[in-house]
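Asker: Dropping the structure in here first, questions after.
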Ligand SMILES: Nc1ncnc2c1ncn2[C@@H]1O[C@H](COP(=O)(O)OP(=O)(O)O)[C@@H](O)[C@H]1O
Ligand SMILES: [Mg+2]
């Protein structure tokens with residue numbers, strides 16, 4: 001296929017020029033007589049040879065032109081009985097081989113329907129030519145007539161078959177190029193689909209990052225509010241109580257005997273201050289645990305085990321992870337388990353819950369199940385929705401399977417490392 005396509009058009013034109021010249025020159029030996037009769041014959045030969053030049057661009061037109069000239073030659077250039085032709089200029093010459101070239105070209109470049117019609121026209125032309133030529137060669141037309149018919153028809157057929165085989169090769173090359181193009185288009189489409197998928201993924205990640213940033217900002221605000229409304233208020237009360245105690249003690253040290261009333265009031269203030277200090281401590285501990293439970297430092301298994309022990313309902317725990325996930329993943333898994341156990345206690349009406357954590361292909365799979373009445377669903381702004389957002393920030397997933405009547409299975413998948 002390659003050579004046919006790389007052969008420059010310029011070379012094809014040169015080839016046809018040489019071919020036309022050769023076909024024209026082939027009949028030189030047949031140009032006899034005075035100039036008046038010879039020149040028209042030379043002109044017809046030149047005209048016939050010239051039809052070779054546009055044959056590739058206009059195969060049908062070139063063939064039609066050649067055929068018209070050949071038909072005129074058969075009609076006027078051949079005389080039955082061998083008499084002198086009515087038009088000497090139109091007598092057939094060797095240049096008529098042009099017709100074979102044109103037929104082959106038609107078969108190579110034209111549609112097959114047309115090239116077959118061309119073949120029929122040529123064969124009919126052969127028959128007509130022989131019928132007009134034969135009577136001139138009496139009385140023994142037998143073998144020579146047969147040989148001439150066979151020769152002409154054979155040559156015509158050979159030219160057509162030659163052209164058609166070229167067409168076949170062209171078509172094959174064409175189909176191959178079509179297939180190649182289709183494959184290229186397919187590859188381009190695939191690449192575009194991949195690009196689109198990558199863009200979609202980038203958008204998704206951007207959204208998740210925004211949610212993660214929002215999530216941590218909200219958490220900071222909550223901690224600030226808890227400190228402000230809780231520990232800070234209590235510490236203020238503590239400072240005030242201590243101030244009053246100090247004043248009372250100062251007054252007592254000033255000389256006057258403390259009355260029983262004053263002593264009782266001071267004791268009450270000390271007791272309140274003590275209680276406030278203990279409450280503040282407990283609150284700060286809870287707050288710290290909400291930020292990062294210290295037990296997580298001993299691993300996810302230990303943290304979940306502590307969570308299970310303090311749960312309101314019995315919890316079966318099964319943790320089998322050969323390697324510790326990164327701290328961020330452990331924290332997310334822990335907070336998920338805490339929220340899910342709280343849900344079980346709050347909504348599930350369950351008698352039992354189980355937590356199982358396994359590692360699979362480097363990912364952490366945690367299932368929290370309960371035998372309650374089912375009906376867990378993600379509601380906007382709810383705890384479950386918050387968990388989903390949190391696991392999505394690290395490319396994890398959360399699925400809730402909780403048909404009416406139970407049981408409830410919440411499956412969480414997290415990467416081993418964030
Ligand atoms: N383990 C469970 N069993 C039954 N229902 C549940 C369970 N967990 C959650 N649900 C239901 O799904 C809803 C959404 O849960 P969640 O998002 O955690 O919100 P909430 O703040 O109410 O706990 C709950 O209101 C509850 O009706
Ligand atoms: Mg909840």
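Asker: Hey, residue 375 hits all of (1) near ligand 1 (Cβ under 9 Å from one of its atoms); (2) surrounded by 16 or more Cβ atoms within 10 Å (Cβ to Cβ) but one; which does it fall short on?
Answerer: That leaves (2) as the condition not met.
Asker: For region 282-300, check the following and say yes or no: at least one residue is farther than 30 Å from residue 326 by Cβ and outside the structural domain of residue 332 (by TED's automatic domain parsing). Reasoning before the result, please.
Answerer: Filtering region 282-300 down to residues farther than 30 Å from residue 326 by Cβ leaves 282.
If we keep only those that are outside the structural domain of residue 332 (by TED's automatic domain parsing) too, we end up with 282.
Within region 282-300 (the criterion being farther than 30 Å from residue 326 by Cβ and outside the structural domain of residue 332 (by TED's automatic domain parsing)), the answer is yes, since at least one residue qualifies.
Asker: Evaluate the following for residue 213: is it out of contact with any strand residue (DSSP E or B) (no Cβ under 8 Å at 6 or more places or on another chain) and under 30 Å from residue 317 (Cβ atoms)?
Answerer: No; evaluated as a whole, the condition is false for this residue.
Asker: Under 6 Å by Cβ, and 6 or more places apart or on different chains, what pairs join a residue from region 335-362 that is closer than 17 Å to residue 293 by Cα with one that is in a helix (DSSP H, G or I) and more than 16 Å from ligand 2 (Cβ to nearest atom)?
Answerer: Short answer, once both residue conditions are applied: 337/304.
The values are calculated or read from the model by the stated rules, or taken from the named source; none is laboratory data. Remember, it's a predicted structure, so these values are computed and weren't measured experimentally. Methodologically, a virtual Cβ is constructed for each residue, glycine included, from the backbone with ideal geometry; neighbour enumeration extends over all protein chains shown.
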